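Only one structure is covered here, and it is reproduced in the block below.
The numbers here are math on the coordinates, done by the rules we state, and not lab data. Keep in mind that this is a model prediction, so the values were computed, not measured. Using ideal geometry, Cβ is built from the backbone for each residue, glycine included, and neighbour counts are taken over all protein chains shown.
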């Protein structure tokens, strides 16, 4: 009975803390996007703000155990590397009702991930933003490119070359490697990782969903 009471008290405390974190993220997201009327403009504004917020060193804070990594609020407070900042961007967007999820970039089919970006739903589809390099990928017709649009071609890399020339020698983007803008093997979830993930993918297909097109679930981003 005592153990149950302790566990319940801990669960309630974590839940209240999570609600408080969401409120802080929502307040910051609203402040950053104040006056903006389009979803795409809000996505870009939050991506730019997270890029400039704090530093780029790996965030060593974590929720309960190191394997879970930092919470979005911990990244807001202390900054972080690409996966950390992408987690914060996605969490802030969701507080505005904008669906989004992390996407990992792999250099080959069987390689490990080397970079993380965010794919978010905007007015006419999905768009990719990168908070570690302060990048969005416009299509040139007032719209933006999705992971699907960027895979299998050099559009991402060419856009980075243009930004490197535009922003000048003093901008951080001069150090962005081509691999970070190559989306041939990018995916939100590695469905081939193990038997459980392969079974889940099979189940989604049986239900009529394409797992490769699904946004990364929020519970995988917010410990």
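Annotations for the structure displayed:
- Between helix 2-32 and the chain there is an angle of about 30 degrees, using the helix long axis and the longest principal axis of the Cα atoms.
- Evaluated at q = 0.28 Å⁻¹, a Debye calculation over the C-alpha positions of region 1-65 (equal weights, vacuum) places log10 I(q)/I(0) at -1.15.
- Helix axis angle, 195-206 relative to the chain longest principal axis, alpha carbon, degrees: 70 degrees
- Based on Cα atoms of region 80-212, Rg over Rh with Rh as the Kirkwood radius reads 0.98.
- Residue 12/residue 68 FRET efficiency (R0 30 Å; Cβ-Cβ; nearest 0.05): 0.95
- Coarse-grained scattering of the chain at q = 0.07 Å⁻¹, given as base-10 log I(q)/I(0) from a Debye sum over alpha-carbon atoms: -0.24
- Under conditions of 20 °C and 1.002 mPa s, region 1-127 yields 135 µm² s⁻¹ as its translational diffusion coefficient, taking Rh as the Kirkwood radius over Cα pairs in the Stokes-Einstein equation.
- For the pair residue 20 and residue 195, label points projected 7 Å from Cα toward Cβ lie 4.3 nm apart.
- Distance between the 7 Å Cα→Cβ label points at residue 174 and residue 37: 3.9 nm.
- Value of relative contact order over the chain, rounded to a whole percent, pairs C-alpha under 8 Å and six or more apart: 17 percent
- Label sites at residue 165 and residue 139, each approximated as a point 7 angstrom past Cα along Cα to Cβ, lie 2.4 nm apart.
- Fewest-first ranking of 90, 4, 139, using other Cβ atoms within 10 Å as the exposure measure: 4, 139, 90
- A Förster radius of 41 Å, combined with the Cβ-Cβ distance separating residue 56 from residue 1, puts the computed FRET efficiency at roughly 0.25.
- Tilt relative to the chain, helix 82-95 - C-alpha long axis, 0 to 90 degrees, to 10: 70 degrees
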